[in-house]
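Visitor: Quick one: structure below, then a few questions.
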Amino acid sequence: MSTAATAVRWSVPAGPTSGPFVAHSIVELIGNTPLVEIRAVRDGVPSGVRILAKLEGFNPGGSVKDRPARKMIEVGLAQGKLVPGKTIIDSTSGNTGIALAMIGAALGHPVELVMPGNVSAERKRIVAAFGAKVIFSDPLEGSDGAIRLCRKIIAESPDRYFKPDQYNNEANPLAHFETTGPEIWEQTEGRVTHFVASIGTSGTVMGTGRYLKQRNPAIQVIAAEPEDAFHGLEGLKHMASSIVPGIYHEEELDAKLGIATDEAYDMVLRLAREEGLLVGQSCGATHVAALHVARTLTAPATIVEIFPDFGDRYLSTTLFQSWMDTA
Amino acid sequence: MVQVRVPTPLRKFTGGAEAVQAEGTSVASVVSNLDKQFPGIKDRICDEQGQVRRFVNIFVNGEDIRFLQQLATPVKAGDELSIVPAIAGGR
């Protein structure tokens with residue numbers, strides 16, 4: 001096995017694009033994503049209410065999932081649970097798989113990913129390009145089917161694998177507590193009043209929300225989820241009908257909004273055409289939720305919302321196929 | 001009768017059954033027959049205009065009906081119809 005697995009450590013640079021800087025590894029370039037003001041798709045939101053989207057698609061693996069993937073691997077290495085020769089395995093519908101595949105390749109660890117057979121073609125090809133092995137679970141069983149199949153594979157040879165287990169690993173929200181939260185606080189100079197994020201594992205909303213509330217307990221933390229168990233919002237979970245992640249603590253949320261798939265899809269189209277932001281479905285759901293919150297506000301406010309990825313990895317899905325019909 | 005494979009989130013309509021039998025000579029009539037047996041299920045599959053929702057894929061013997069004749073795609077006894085959310089959900 002590669003010795004890189006134990007030799008590589010990384011630090012998070014304060015500003016990789018300012019001044020002399022050469023990253024030692026792609027994993028050092030995770031985080032420090034930009035905020036952009038949403039100027040056009042505001043739908044009657046009072047002018048004193050700013051809406052800022054944090055563009056997680058700027059992470060090297062193309063999504064917010066680079067953050068927890070790096071932290072879970074870092075903690076696994078530090079605790080000796082991930083050692084040379086072990087394979088990283090997890091169940092994922094896509095972005096976490098891409099992040100693990102990328103980081104595994106950079107550190108010299110093989111990666112195996114269990115995903116439902118109906119994840120988008122782009123995702124399957126990206127993880128394969130990083131050299132990860134993909135195991136497909138029954139599309140009819142959704143992400144919970146992938147979770148169960150992954151458990152079964154590990155049970156058959158438990159010593160072979162390191163499972164980050166993003167649904168139950170506290171390193172997942174910790175990644176956001178240590179990076180996403182502080183970035184938002186600094187980027188808004190402490191002016192953030194509301195934080196809106198969609199829920200998949202809930203790591204983003206839990207960890208970021210926890211940090212922001214520690215800095216200012218008045219900050220409202222709002223989660224967006226699919227309104228129904230049967231939905232088309234890749235990466236998101238309808239909590240009431242899902243295996244509830246161990247890291248999810250609903251009592252820490254100030255509100256949770258259910259979003260219809262069609263509404264989210266329409267919002268994705270508008271963000272592309274009115275803001276020049278080509279983003280994934282979960283961003284559409286998040287912005288629908290952010291607007292809902294924004295319209296209820298009467299005092300000046302700064303809403304920060306997480307846009308987990310860009311839209312280019314969904315081009316083969318029905319979301320984008322339906323646009324072709326309207327073009 | 002056509003065998004219909006039901007995805008996990010819709011099994012609350014079918015009493016937990018992952019596969020059910022339905023009658024019909026087209027995908028549309030099978031979906032209508034499903035709704036008679038399991039009221040409410042059609043609303044999840046089709047929108048207000050009666051079209052298959054954008055995030056839902058229906059396969060007849062493994063073939064996506066978008067590339068066949070959509071809801072008019074003919075079916076016959078012994079065929080297998082699968083209802084699958086277009087994307088997986090949950091991470």
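Visitor: Quick one: 3J(HN,Hα) in Hz for the range A:110-122, Karplus 6.51/-1.76/1.60 with θ = phi - 60°, rounded, Gly and Pro as x.
Guide: For the range A:110-122, the Karplus curve yields x, 10, 10, 10, 9, 9, x, x, 9, 5, 5, 4, 4 Hz.
Visitor: Something else now. Of A:65/A:213; A:81/A:124; A:86/A:133; A:81/A:163, which pairs sit farther than 19 Å apart, going by alpha carbon to alpha carbon?
Guide: A:65/A:213; A:81/A:124
Visitor: Once you list every other residue whose beta carbon is under 10 Å from the beta carbon of residue A:195, what net charge do they have if Lys and Arg are +1 and Asp and Glu are -1?
Guide: Combined, the nearby Lys, Arg, Asp and Glu give 0.
Visitor: How much net charge surrounds residue A:286 when only other residues with a Cβ under 12 Å from its Cβ are counted (Lys, Arg +1; Asp, Glu -1)?
Guide: Local net charge: -4.
Visitor: Before anything else, pin down the relative contact order of chain A: Cα pairs under 8 Å, at least 6 apart, normalised by residue count, whole percent.
Guide: Normalised by residue count, the contact order of chain A is 20 percent.
Visitor: Under a cut-off of 12 Å between alpha-carbon atoms, report the aspartates and glutamates in cross-link reach of residue A:256, not counting same-chain residues fewer than 8 places apart.
Guide: By straight Cα distance, residue A:256 reaches A:225, A:227.
Visitor: If neighbour count is taken as other Cβ atoms inside 10 Å, put A:283, A:150, B:46 in order from fewest to most.
Guide: B:46, A:150, A:283
Visitor: I would also like to ask the following. Can you run phi through the Karplus equation (6.51, -1.76, 1.60; θ = phi - 60°) for the range A:183-195 and list ³J(HN,Hα) in whole Hz, with x for Gly and Pro?
Guide: Result, ordered by residue: 4, 5, 4, 6, 5, 9, 6, x, 8, 4, 10, 9, 10 Hz.
Visitor: Sticking with this structure for a sec: Using the 10 angstrom Cβ neighbour count as an exposure proxy, how do B:26, A:202 rank, fewest first?
Guide: Listed from fewest to most nearby Cβ atoms, that is B:26, A:202.
Visitor: Another question, then. How far apart, in nm, are two points set 7 Å out from the Cα along the Cα-to-Cβ line at residue A:79 and at residue B:66?
Guide: Between residue A:79 and residue B:66, the label points sit 4.1 nm apart.
Visitor: Rounded, prolate or oblate: pick one for the protein assembly as shown, where a ≥ b ≥ c are the square roots of the eigenvalues of its C-alpha gyration tensor, a/c under 1.5 means rounded, and failing that, prolate if a/b is larger than b/c, else oblate.
Guide: Oblate, since a/c reaches 1.5 and b/c is not below a/b.
Visitor: Here's something else I'd like to know. With unit charges on the beta carbon (Lys/Arg positive, Asp/Glu negative), name the residue among A:264, A:218, A:249 whose Cα is farthest towards the positive pole of the charge dipole of the range A:204-327.
Guide: My answer, from the dipole projection, is A:218.
Visitor: List the pairs from B:12/B:42; A:152/A:237; B:12/B:36 whose alpha-carbon separation is above 19 Å, in the order I gave them.
Guide: A:152/A:237
Visitor: Can you tell me, using C-alpha contacts under 8 Å and at least 6 residues apart, the relative contact order of the range B:1-76 as a whole percent?
Guide: RCO, the range B:1-76: 31 percent.
Visitor: Please state the relative contact order of the range A:27-147 as a whole percent: Cα pairs under 8 Å, 6+ residues apart?
Guide: Relative CO of the range A:27-147 lands at 20 percent.
Visitor: Separate question: Roughly how many debye, to the nearest 20, is the charge dipole of the range A:169-327 about its Cα centre, given +1 on each Lys and Arg Cβ, -1 on each Asp and Glu Cβ, and no other charges?
Guide: For this selection, approximately 260 debye.
Visitor: Quick one: if the Förster radius is 30 Å, what FRET efficiency do residue B:19 and residue A:160 give, using the C-beta to C-beta distance and rounding to 0.05?
Guide: With R0 = 30 Å, the Cβ-Cβ based efficiency is 0.30.
Visitor: Along the charge dipole of chain A, which of A:58, A:109, A:288 sits closest to the positive end, that is, farthest toward it, with unit charges on the beta carbon of Lys, Arg, Asp and Glu (+1, +1, -1, -1)?
Guide: About the Cα centre, the residue reaching furthest to the positive side is A:109.
Visitor: Which shape class applies to the range A:159-279: rounded if a/c is under 1.5, otherwise prolate when a/b exceeds b/c and oblate if not, where a ≥ b ≥ c are the square roots of the Cα gyration tensor eigenvalues?
Guide: oblate
Visitor: I've got another one for you. Quick check on the exposure proxy: order A:317, A:179 from fewest to most C-beta atoms within 10 angstrom.
Guide: Least to most surrounded, the residues fall as A:179, A:317.
Visitor: For residue A:257, list long-range residues whose amide hydrogen, built 1.01 Å from N in the peptide plane, is under 5 Å from its own amide hydrogen.
Guide: So residue A:257 has HN proximity to A:223, A:224, A:225.
A short reminder: the numbers here are calculations on the coordinates, not readings from a lab. Remember, it's a predicted structure, so these values are computed and weren't measured experimentally. Cβ sites come from the backbone with ideal geometry, for glycine too, and all protein chains shown count toward neighbours.
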